[in-house]
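I'd like to ask some things about the structure below.
Throughout, read-outs are computed from the coordinates displayed, never taken from laboratory work. Just so you know, these numbers come straight off a predicted model, no measurement behind them. So basically every Cβ, Gly included, is an ideal-geometry build from the backbone, and we count neighbours across all protein chains shown.
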Amino acid sequence: MKNISPPSLKGLDLEELKKTLAPLGARAFHARQIMAWFYQRGVSDFSRMTDLSKELRNDLKKNFRTDELRLKTERRSRDGSRKILLETADGQLIESVLIPSKERLTACLSTQLGCKLNCGFCATGTMGFVRNLTAGEIADQLFHLQNIIGWQNRITNIVFMGMGEPMLNYDATLSAARLINSHQGFNIGARHITISTSGIVPGIVRLMEEPEQFKLAISLSATSDAVRDKIMPVNKKHPLKELLTAARNFSNRKGKLVFFEYILLAGVNDGLDDADRLSKLLKNIPAKVNLIPYNAGGRESAFRSSSPQVQQAFFERLHQLGVAVTVRISKGQDINAACGQLRAAITSK
Ligand code: SAH
Ligand code: SF4
């Protein structure tokens, strides 16, 4: 890894920033001013922070950096979603996606470089694990996405559904989520911030103890341990029963719905018997199911997406069984918008 000093100020919360700036003689209100420049106005160049004294600006420039990540490429999909590839100080690539819909502007952020969990259908899973992202690197993805669309047009929702498993980088993910949520930070409501996990039960248990009302999504994608063991090896460590108990406890504790993501894979998990089992599994859990069409992202793959007819039949069966269910229209197919895929496409060239 290259030497990445001087230290960065991006990603610090108010208390950390105050502490870091104290040796320069800066006061609490200076920390607030700097955070407002970063996260409300999108300015990270100290020389443009005109409400700080010249002397302080010079000291800041000498001692700190603010650029966690450098924008490498941006791709725009025909449906309006945008994907960016960012480079870390040690030359690694991170991807983040912006997904506009009628009332929302959702940012999909990465939490790790690669992933250890090796889900069979996932491009990130097949590329192995490099390292955790820092809280600053996670939050800076949002800064860059906001830069691209302009700061007058604010991002409203965050999903931690990019590369990596958030619950295996719990502390940095939570710090970033708190910064994104805080008034001095991006000021996005906790109810608009979703943390997605493949089923790391200790992470779910920790999240339910946190004071914030962050939303929990669980990538389920199978209705039996036999199938889930095969497509999501994390299931061998935390099988369905343990995972669903944690989901129920989370919902009871927080008084909230839990969101279940379910990728429809032809002949693997898309039968009507799966729909029936799924409704049974979720019987006592206040939940919403989000069906996701599989996105092969132009890779060779052992999986195929279920046909539109099968997707429709699966959806209708769940609906008839009283399960709250939606089908996610797969945004950004033409820019490989599923998890990990742009990076995989670029680095394999
Ligand atoms: N590791 C976490 C969050 C990142 S993955 C998790 O697994 O939940 C984000 C989402 O992308 C997950 O719901 C995952 O199931 C989905 N996903 C991964 N590969 C996909 C693909 N090829 N097509 C469609 N969705 C995919
Ligand atoms: Fe990791 Fe999530 Fe991809 Fe599974 S789906 S390999 S947990 S990023």
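Could you give the distance between the Cα centres of region 20-35 and region 64-129, to the whole Å?
Their Cα centres are 31 Å away from one another.
Could I ask something else about it? For the residues Val97, Val234, Val205, what sequence is obtained by ranking on other C-beta atoms within 10 Å, fewest first?
Arranged by neighbour count, lowest to highest, Val97, Val234, Val205 become Val205, Val234, Val97.
Here is a follow-up. Sort 222-233, 165-176, 30-41 by the packing proxy (mean of other Cβ within 10 Å over each peptide's residues), most packed first.
Averaged packing, sorted descending, gives the order 165-176, 30-41, 222-233.
Here is a further query. R0 = 56 Å: FRET efficiency of Lys241 with Trp151, Cβ-based, nearest 0.05?
Plugging the Cβ-Cβ distance into 1/(1 + (r/R0)^6) gives 0.75.
Give the aspartates and glutamates whose C-alpha is closer than 15 Å to that of Lys54, dropping any in the same chain fewer than 8 places away, or say none.
By straight Cα distance, Lys54 reaches Asp45.
For a quick check: with amide H placed at 1.01 Å from N, whose amide H comes under 5 Å from Val289's, ignoring anything fewer than 5 positions away on the same chain?
Hits under the 5 Å cutoff: Phe260, Ala324, Val325, Thr326.
Can you put Ile218, Ile138, Ile188 in order of Cβ neighbours within 10 angstrom, beginning with the fewest? Numbers along the way, then the final one.
Values: Ile218 24, Ile138 33, Ile188 19.
Placing the least packed residue first, the sequence is Ile188, Ile218, Ile138.
Here's something else I'd like to know. What ranking do 318-326, 114-122 get when scored by the average of other Cβ atoms within 10 Å per residue, highest first?
114-122, 318-326
Go ahead and run the numbers for FRET between Val130 and Lys230, Cβ-Cβ distance against an R0 of 35 Å, rounding to 0.05.
E(calc), rounded to 0.05, equals 0.90.
Suppose we keep just the DSSP beta bridges with both residues in the chain; what percent of those would be antiparallel, to 5?
For the chain, the DSSP antiparallel bridge percentage is about 45.
Using a Cα-Cα cut-off of under 15 Å, which aspartates and glutamates could be cross-linked to Lys280, ignoring same-chain neighbours fewer than 8 residues away?
Within the straight-line limit of under 15 Å, Lys280 reaches these aspartates and glutamates: Asp225.
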